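Report on the structure given below.
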Amino acid sequence: QVQLVESGGRLVQAGGSLRLSCAASGRTFSNDAMGWFRQAPGQEREFVACMSWEGNTDYNDSVKGRFTISRDNAKNAVYLQMNSLKPEDTAVYYCAAGLIAAMSQRSHDYFYWGQGTQVTVSS
């Protein structure tokens, strides 16, 4: 059974930093793209960042320069370093992976999803 488990979300003040982690099990994703999406209350799920199997990255314009996606294929994990957090970053953050190799901002391109981790940024 394939599982993606996010962790690291919590309440943080504006301007602070968080590092989200996503641990995958049941399947190796070293040949797949992995990404992060988020969903705020009352809003649609939106793309945050992704990384292709070969390490190319793409970001939502709203997080460029503040967020960094990385992955550790040996640990079958993907991370999201979030700096200079803003109240508008408040959302549930989801990890997504496979079955594509190239980067994609489209949620429907990703087959596996985690349950999400809550990030709340206070002003």
**Request:** State the percentage of accessible surface on the chain attributable to carbon and sulfur atoms; use a 1.4 Å probe and exclude ligands, DNA and RNA.
**Result:** 45 percent
**Prompt:** Which of the chymotrypsin sites (Phe, Trp or Tyr not before Pro) found in the stretch 89-123 are in a DSSP loop and have at most 14 neighbouring Cβ atoms, other than their own, within 10 Å?
**Reply:** Phe111
**Request:** Mind checking the per residue accessible area of the chain for me, 1.4 Å probe, whole number of Å²?
**Result:** 51 Å²
**Asked** Direction-averaged shadow area of the convex hull around the Cα atoms of the chain, nm²?
**Response** 6.7 nm²
**Item:** Cα Rg, Dmax (largest Cα-Cα span) when computed across the stretch 37-94, Å
**Value:** 12.0, 37
**Asked** So, counting K/R as plus one and D/E as minus one, what does the shell of residues with Cβ under 14 Å around Gln43 add up to?
**Response** -2
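Note down the relative contact order for the chain as a percent, whole number, built from C-alpha pairs under 8 angstrom at least six residues apart.
Rounded, it is 36 percent for the chain.
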**Message:** I'd like the GluC sites (Glu not before Pro) in the stretch 1-107 restricted to DSSP loop residues with at most 16 other Cβ atoms within 10 Å, sorted by number.
**Reply:** Glu44, Glu54
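The values are calculated or read from the model by the stated rules, or taken from the named source; none is laboratory data. If you're wondering where the values come from, they're calculated on a predicted model, not measured in any experiment. Because the Cβ atoms are built from the backbone with ideal geometry, glycine has one as well, and the counts that use them run over all protein chains shown. In case anyone asks, the SASA skips ligands and DNA or RNA and just uses the protein heavy atoms, side chains included. Shrake-Rupley method; radii C 1.70, N 1.55, O 1.52, S 1.80 Å.
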